[in-house]
Amino acid sequence: MDGTSYQIAVYQSGQSGRIEREQLTLDGLAERTGLHPDLIERFVEYGLIEPAQLADAQMLFDIECVLRLRKIERLRRDLGVNTTGAAVILDLLDRMITLQRENESLIARL
């Protein structure tokens with residue numbers, strides 16, 4: 001690792017309405033999660049996480065990837081789920097969260 005653990009991308013708020021977002025380099029994400037960068041790259045290949053952007057041939061990840069990688073590792077380590085199984089479980093969890101938010105939105109309208 002080169003000593004740079006993360007990069008911060010700052011957006012002006014105002015006209016665009018964008019807010020400040022922290023993005024991590026691959027090495028920064030590896031440092032935050034305790035996972036090897038090669039393993040994280042493998043998770044990217046499987047579609048378990050996605051880089052927010054590519055900058056100068058370097059992947060940058062939103063800070064939310066830290067939590068997602070921790071979930072992946074819990075599934076693998078604690079439950080013995082393989083990478084394909086983790087992808088299915090996370091997809092189902094994402095769908096459940098989306099449906100729950102939609103349900104809450106509909107209830108709020110009543």
*asked:* in contact (Cβ under 8 Å) with a residue 40 or more places away in the chain, under 19 Å from A87 (Cβ atoms) and basic (K, R): is that true of R74 in this structure?
replied: no
*Within the set of pairs 6+ apart or on separate chains, which have a first residue in segment 54-67 that is farther than 18 Å from H36 by Cβ, a second that is among the acidic types (D, E) and part of a strand (DSSP E or B), and C-beta atoms under 8 Å apart?*
D62/E22; I63/E22
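Residues are listed down the side, and each one gets a yes or a no for (1) outside any strand (DSSP E or B); (2) of a type outside the set (G, A, S); (3) within 12 Å of the chain's Cα centre (by Cα):
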{"site": "L24", "(1), (2), (3)": "no, yes, yes"}
{"site": "R42", "(1), (2), (3)": "yes, yes, no"}
{"site": "P51", "(1), (2), (3)": "yes, yes, yes"}
{"site": "I72", "(1), (2), (3)": "yes, yes, yes"}
{"site": "R77", "(1), (2), (3)": "yes, yes, no"}
{"site": "A87", "(1), (2), (3)": "yes, no, no"}
{"site": "I97", "(1), (2), (3)": "yes, yes, no"}
*Of the numbered conditions (1) surrounded by 10 or more Cβ atoms within 10 Å (Cβ to Cβ); (2) closer than 14 Å to L24 by Cβ; (3) among the hydrophobic types (A, V, I, L, M, F, W, C), I72 fails exactly one; give the number of that condition.*
(2)
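Every number in this text was worked out from the coordinates using simple rules, so none of it is lab data. These numbers come from a predicted model, not from an experiment. Neighbour counts run over all protein chains shown; Cβ positions are idealised from the backbone, glycine included.
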